[in-house]
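Novice: This is the structure, below, for whatever I ask next.
The values are calculated or read from the model by the stated rules, or taken from the named source; none is laboratory data. Note that the structure is predicted; figures quoted are calculated from it, not measured. Here Cβ is always computed from backbone atoms with ideal geometry, including for glycine, and neighbour counts include all displayed protein chains. The protein model used for the area step is the full one, side chains on, heavy atoms only, and it has no ligands, DNA or RNA in it. Shrake-Rupley method; radii C 1.70, N 1.55, O 1.52, S 1.80 Å.
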Amino acid sequence: RRSGQYTMNHDLPKKTPDGASFDRSGSQDSLDVLSMDDYWKELENIHETRGNNHEERIALLVKEPDEGELEEEWLKEAGLSNLFGESFGDSQESMVFLSTLTRTQKAAVEKRVETVTQTMRKRNKHHQIPDVRDIFRLEDDSKGKVCDGSEPSTVRKSENKNETQDGTKGSKFSLGTDEQKSSLEDVPSSDTDINLEVSFSEQAANLKDSSVSKMCKGGGGDTLLPNFRLPKDKTGTTRIGDLAPQDMKKVYSLALIELTALYDILGTEFKQQKAVKIKTKDSGLFGVPLSVLLEQDQKKMPGTKIPLIFQKLIAQIEETTLETEGLLRIPGVATRVKGLCQELEAKFYEGTFNWENVKQHDAASLLKLFIRELPQPLLTVEYLKAFQDVQNLPMKKQQLQALNLLVLLLPEANRDTLKVLLEFLQRVIDHRDRNKMTLNNVAMVMAPNLFTFHGFGSKTIEQSEFVMAAGTANVMRFMIQYQKLLWTIPKFIVNQVRKQNTERQKKEKKDKAMKKLLKKMAYDREKHEKQEKIPNDVDVPQGVIRVQAPHLSKVSMAIQLTEELKAGDIVARFLSQKSGNIQTLKKEDVFLHEIGGNIGERCLDDDTHMKDLYQLNPNAEWVIKSKQS
């Protein structure tokens, strides 16, 4: 495949067989070939809309990377660029990072490092080219064992393919406390329970070639969607938005490595696409990058995370009623939609646009047009193909796990906008008895708008085959149905972040002590270490935590930990102390936060069992505040 410009394939795919009929009000869970009619009609509407748009469109250029370039970019994205090239050797931070990886994650990193180093040798680079085995030997020498308790891994040879599968038992991430140790046999075995405690790729390796895997094959979409659920976690469920930015950076790196490891284990190629930068509009509404839109919107409404036009179009659709039959499926009048689009561009920010003239189906068409006209797809150029390839994974649970990781990889603006869109689509589906728009119908209509990106991959994304269309519609179906699960940060990743923070703190303490020694300060090492270990609250007895609430009248309280005490109970205790200050904070906006220790900052859900969390992070401080403050 060469570098070049991808353009829309204007040959319309074949529709369902003549005379075929389907029940639009039937099961919302089962997906059959006949229901694909909505997909083809939507695609036809998109072509007609583009046919009426005579403006020249700048299609996106997608560069085909040179050998090793993909892997080099991948290592940079994962924060491991100092494992190769001139910066090799200055990789202590990376050694800490590598020490927290599972076996399958390390194998994924090794594979990419090896490809990059081989490419460098071919290019005859003058700077140091390390051997991949040396990198992991350095890490293993410093740690002895991988954080999951397994023996240090080496580059896998073809004859050792079964080693990962056989060795995953007992590989759950551990912080070294007895409470945290567990094996794969201990985790929930239900087919519908999503296990967030063990790396997804380790689970896949353990299931590979087993009878369980063969029984649970999930490709295609002709079966009911399972009722997946998250078992309760006593240390609290962590959702996107709960962690501090510095910890979210670590989450991104770990999610990228984990997704790659999962695809490696399942034999699916994972390649990030790379877009060549092109000139885009720097103002306006349609065809403007999300980042530019938000920049101009935040001048009008500081703190907004979703483009104002996007919010307004959804509000306009909902203002009439969501019970309108064929909502989202029936297009607006093309010429009228085009006129509205131009009028919005001229009057939206001036506040002079008359929304009373906008009919509901026109507003729905404008919403879909907004998504399609983004200069880069909502699911991003980098990961659009990876989202699409989710359909190729063998089990539905693995498809869900991959989507979870992909959502974590999206830029914040894309992720926030996608979340608002999926929540809106679910509200449309909630009225399916009246509007006849089931989960399947909505997925069929929306898939072409998210996956048929105008400047990218016509050969793969718009080929006129039922398999491709059904696949992207099925991914759309998953994203709508399981959206609450997709915005959860897996516990094994949060634990790896905790481990990284702990290791970094140890290193900082070591470096600090060394500097003091070098300055020849008379310091007793034992006394120094003892001072370092003094708890924050000397006066707080064992089994009691000090909770701060700077915005409330009762600013501090000592709380006795019990087996059943939850975060919500502590918040309720503070809120029961009546005060004038409390009126400034809404009850639903106030949360207990875990700050410091082995985490940057984490907003706790009300069901978090505090004693279990305290054992996981005894050095944390506990503060009640709103999520935004």
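Novice: Within 11 Å, Cβ to Cβ, of residue 314, how many net charges do the neighbouring residues add up to if Lys/Arg are +1 and Asp/Glu are -1?
Specialist: -1
Novice: Classify region 291-443 from the C-alpha gyration tensor, please: rounded if a/c falls under 1.5, else prolate or oblate depending on whether a/b exceeds b/c.
Specialist: Oblate shape, in that a/c is at least 1.5 and b/c is the bigger or equal ratio.
Novice: For the pairs 397/506; 250/509; 300/419; 499/566, note any where the Cα-Cα span goes beyond 28 Å.
Specialist: Distance filter (> 28 Å) returns 397/506.
Novice: Evaluate the charge dipole of region 540-628 about its Cα centre and quote only its size in Debye, nearest 20, assuming +1 on the Cβ of each Lys and Arg and -1 on the Cβ of each Asp and Glu.
Specialist: The calculated dipole for region 540-628 is roughly 440 debye.
Novice: Sticking with this one: Which trypsin sites (Lys or Arg not before Pro) does region 324-396 hold that lie in a coil by DSSP with at most 13 other beta carbons within 10 Å?
Specialist: The qualifying sites: there are none.
Novice: Give me the distance in nm between label points sitting 7 Å out from Cα along the Cα-to-Cβ direction at residue 546 and residue 627, one decimal.
Specialist: Once both label points are built, they end up 2.9 nm from each other.
Novice: Tell me the volume per residue, in Å³, of the convex hull enclosing the alpha carbons of region 368-418.
Specialist: Cα-based convex hull of region 368-418, divided per residue, equals 80 Å³.
Novice: For region 268-357, what does the relative contact order come out to in percent, with C-alpha contacts under 8 Å and a separation of six or more?
Specialist: The normalised contact order for region 268-357 reaches 21 percent.
Novice: In region 540-628, what percent of the accessible surface is made up of carbon and sulfur (1.4 Å probe, ligands and nucleic acids excluded)?
Specialist: Carbon and sulfur together cover 47 percent of it.
Novice: Oh, and also: Between residue 506 and residue 224, what is 0.36 nm times their sequence separation minus the Cα-Cα distance? Round to one decimal in nm.
Specialist: Computed gain between residue 506 and residue 224 is 96.6 nm.
Novice: Can you give the relative contact order of region 540-628 as a percent, counting alpha carbon pairs under 8 Å and 6+ residues apart?
Specialist: 34 percent
Novice: Just to be sure I understand the model, the point goes 7 Å from the Cα along the line to the Cβ. What's the resulting residue 47 to residue 334 distance in nm?
Specialist: Simple spin-label model gives 1.1 nm for this pair.
Novice: Is the shape of region 540-628 rounded, prolate or oblate, going by the alpha carbon gyration tensor and its root eigenvalues a ≥ b ≥ c, with a/c under 1.5 for rounded and a/b larger than b/c for prolate?
Specialist: In terms of gyration-tensor shape, prolate.
Novice: Oh, and also: Please list, by residue number, everything in region 547-572 whose backbone N is under 13 Å from a paramagnetic label point 7 Å out along Cα→Cβ of residue 587.
Specialist: Output list for this probe position: 569, 571-572.
Novice: Here's another thing I want to ask about it. GluC sites (Glu not before Pro) within region 293-381: which are DSSP loop residues with at most 10 other Cβ atoms inside 10 Å?
Specialist: 350
Novice: So, one more: Computed FRET efficiency, Cβ-Cβ of residue 114 and residue 291, R0 25 Å: what is it to the nearest 0.05?
Specialist: 0.10
Novice: Can you give the accessible area per residue of region 274-489, in Å², using a 1.4 Å probe?
Specialist: 37 Å²
Novice: How would you classify region 330-420 from its alpha-carbon gyration tensor, with a ≥ b ≥ c the square roots of the eigenvalues: rounded for a/c under 1.5, else prolate if a/b is greater than b/c, otherwise oblate?
Specialist: It is prolate, given that a/c is not under 1.5 and a/b is the larger ratio.
Novice: At R0 = 35 Å, how high is the FRET efficiency between residue 352 and residue 249 if r is their beta carbon distance? Nearest 0.05 is fine.
Specialist: Plugging the Cβ-Cβ distance into 1/(1 + (r/R0)^6) gives 0.25.
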